[in-house]
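The values are calculated or read from the model by the stated rules, or taken from the named source; none is laboratory data. Just so it is clear, the model here is predicted, and its values are computed rather than measured. Note that each Cβ is placed from the backbone with ideal geometry, even for glycine, and that neighbours are counted across all protein chains shown.
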Amino acid sequence: MHAPRPTPSSWVTRWAPLIASGGQVLDLACGSGRHLRWLAEGGWRVTGVDRDGLAVQPLRALAEIVVADIEAEVWPLGGRRFDGIIVTNYLWRALLPRIAASLAPSGVLIYETFADGQQHFGRPSKPEFLLQRGELLRAFPDLSVVAYEDGLESSPERRVQRLVAVAPGAPGPDPRIAAFEPRRLL
C-alpha cells in the first residue's frame with residue numbers, strides 16, 4: 001500500500017490559475033513534488049529543482065528535474081525565465097533577486113514560507129530561515145503584489161508569510177488578475 005500523496009498548499013492551488021495555461025513553471029526546492037505533481041496534472045510544463053536526487057527521482061516522468069544545491073552552487077538554470085515560480089517552505093535570502101529575475105514578463109510568483117514566530121511552534125526555528133514582518137513585500141519591489149498574508153495557521157499550527165506577485169509585462173491591466181479580488185491581510 002502506498003502512502004497518500006501530500007496535498008498541495010491551498011495558497012498554491014488558489015493562485016496558480018494566474019499562471020499562463022500550459023506555461024513553464026519552476027518549482028524551487030520541490031522536495032518530493034507535491035506541487036510539481038499537481039501542476040503537471042493541471043497541464044503546466046514544470047521544472048523542479050532540489051538538492052535531494054533520491055527524493056526527485058520519481059518525478060522525472062512528470063517534469064524536467066534539476067538536481068542542484070542552489071545555496072552552494074551556481075544558479076543551475078542560467079538565464080531561463082518562467083511563466084510561474086512556486087516556492088513553499090523554503091527560504092534562502094541570497095536567491096530572492098535571482099527568483100525575481102527568473103520570471104518571464106507577466107510571470108507569477110507564488111511564495112509561502114515560515115515567518116518569525118514559527119520558533120514557538122517548532123521547526124524551523126533559526127532566524128535565517130524565518131521571514132521578518134513584511135519581508136516578502138520588500139524582497140520583490142519590482143513585482144506587482146496581488147495578495148499577501150502574514151499570520152498564524154491553525155492546522156498544523158505555524159507562522160507563515162505568503163505572497164503572490166506578477167512581473168511587469170504588457171502595459172495596462174492584466175486580465176488574469178482582474179478575476180481575483182486583491183487583498184492584503186496583516
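Among the residues of region 12-53, the ones that are out of contact with any Ser or Thr (no Cβ under 8 Å at 6 or more places or on another chain), part of a helix (DSSP H, G or I) and either crowded, with 19+ Cβ neighbours inside 10 Å or among the hydroxyl-bearing types (Ser, Thr, Tyr) (or both) come to 8 in all. The C-beta contact set for region 71-83 (first residue more than 13 Å from residue 48 (Cα to Cα), second residue assigned to a strand (DSSP E or B), distance under 6 angstrom, 6+ apart or interchain) comprises 81/104; 83/24; 83/104; 83/107.
Going through region 40-65 one residue at a time, which ones are within 16 Å of residue 84 (Cβ to Cβ) and of a type in the set (Val, Ile, Thr)? Of everything in region 40-65, those that are within 16 Å of residue 84 (Cβ to Cβ) and of a type in the set (Val, Ile, Thr) turn out to be 46, 47, 49. It is to be established whether one or more residues within region 43-52 are within 22 Å of residue 148 (Cβ to Cβ) and either under 15 Å from the mean Cα position of the chain (by Cα) or modelled with pLDDT of 90 or more (or both). Within region 43-52, none of the residues are within 22 Å of residue 148 (Cβ to Cβ) and either under 15 Å from the mean Cα position of the chain (by Cα) or modelled with pLDDT of 90 or more (or both). Residues of region 1-11 that are among the small types (Gly, Ala, Ser) and assigned to a loop (DSSP other than H, G, I, E, B): 3, 9.
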